Amino acid sequence: MADQQSRSCPSESITTSLENMHKLLLEALRHREQEILRYLAILGPAIGGFVWLLTLVPPPKIGPFIVCTVAVLLSLFLGAIYSLALGYNYRYITLELAKLETLLHIKDAMLKGWPKSRKDFLARYKLLSGIPWCTPPEVIKVFWGAFLIGIIGVTLAAAFSRPDFLVLAVVIPLGFLCWLLGCLFPIYFGNKLRRQCELEPENWDAS
């Protein structure tokens with residue numbers, strides 16, 4: 001009985017450590033939302049260079065045009081994956097926060113919409129078909145969607161501005177592949193999050 005009480009009521013030093021960790025994790029959540037802006041600072045000049053390329057008179061040769069277009073498409077694709085990776089990291093931190101808040105016995109102070117257990121996380125981050133699905137929080141999700149739209153925009157702009165066979169044969173398949181993978185990668189991160197959740201005990205209070 002005493003052993004159970006000691007597990008459910010952490011000592012003062014352990015509680016202080018958990019509270020400090022809780023503060024650090026909350027700060028980390030804010031940083032996840034800011035990091036995507038740093039990537040935009042790198043991507044912005046690439047998009048500007050592509051727009052400048054489209055307006056050149058006379059137009060550039062096919063080789064340099066394809067290389068520049070492919071570089072911009074890959075940058076947008078990496079931006080989409082980076083957004084999803086930040087989103088996964090964000091969800092993982094909220095999982096850790098939920099566990100800490102349970103151990104600190106402040107679960108009743110949590111927002112009602114905040115997942116509170118391993119079971120809640122497993123139920124929330126999946127599609128109706130049961131496929132794991134982890135997308136970023138709304139602030140980062142906007143950028144994920146913008147990157148996917150950007151991939152479509154760059155692909156179509158390149159195809160319509162230079163409808164040469166080589167451009168169409170390289171840019172359109174690559175653009176479609178980047179867009180498709182960007183749409184499907186939430187499944188990959190959903191599986192990663194599910195595996196992390198399945199490592200946790202059913203009842204955090206009993207751990």
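The values are calculated or read from the model by the stated rules, or taken from the named source; none is laboratory data. None of these values were measured; they are calculated from a predicted model. Positions of Cβ are backbone-derived with ideal geometry, glycine not excepted, and every protein chain shown enters the neighbour counts.
Okay, residues lined up against (1) modelled with pLDDT of 85 or more; (2) within 28 Å of residue 100 (Cβ to Cβ); (3) touching a helix residue (DSSP H, G or I) at 6+ places or on another chain (Cβ under 8 Å):
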| site | (1), (2), (3) |
| --- | --- |
| 5 | no, yes, no |
| 25 | no, yes, yes |
| 43 | no, no, yes |
| 48 | yes, no, no |
Original post:
If you check every pair at least six apart or on different chains, which have Cβ atoms under 7 Å apart with a residue in the range 147-162 that is in a helix (DSSP H, G or I) first and a residue that is hydroxyl-bearing (Ser, Thr, Tyr) second?
Top reply: 147/83; 154/69; 158/69
Original post:
When you scan the range 141-150, how many residues do you find that are under 12 Å from residue 189 (Cβ atoms) and surrounded by fewer than 20 Cβ atoms within 10 Å (Cβ to Cβ)?
Top reply: 0
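Which members of the range 119-160 meet the condition of being of a type in the set (Lys, Arg) and within 20 Å of the chain's Cα centre (by Cα)?
Let us first name the residues in the range 119-160 that are of a type in the set (Lys, Arg), namely 119, 124, 126, 141.
124, 126, 141 - these are the residues of the range 119-160 that are of a type in the set (Lys, Arg) and within 20 Å of the chain's Cα centre (by Cα).
Kindly indicate whether any position in the range 133-144 is farther than 30 Å from residue 48 by Cβ and not aromatic (Phe, Trp, Tyr). First the steps, then the outcome.
First pass over the range 133-144, keeping only residues farther than 30 Å from residue 48 by Cβ: 133-134.
With not aromatic (Phe, Trp, Tyr) added as a condition, the list becomes 134.
Among the residues of the range 133-144, at least one is farther than 30 Å from residue 48 by Cβ and not aromatic (Phe, Trp, Tyr), which makes the answer yes.
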**OP:** Take the range 163-190 and flag every residue that is within 22 Å of residue 88 (Cα to Cα) and among the β-branched types (Val, Ile, Thr).
**Re:** 187
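Residues are listed down the side, and each one gets a yes or a no for (1) part of a helix (DSSP H, G or I); (2) touching a His at 6+ places or on another chain (Cβ under 8 Å); (3) at pLDDT below 95; (4) charged (D, E, K, R):
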position	(1), (2), (3), (4)
123	yes, no, yes, no
128	no, no, yes, no
172	yes, no, no, no
181	yes, no, no, no
Subject >> Tally of residues being in contact (Cβ under 8 Å) with a residue 40 or more places away in the chain, surrounded by fewer than 19 Cβ atoms within 10 Å (Cβ to Cβ) and under 30 Å from residue 152 (Cα atoms) across the range 93-129 >> reply: 1
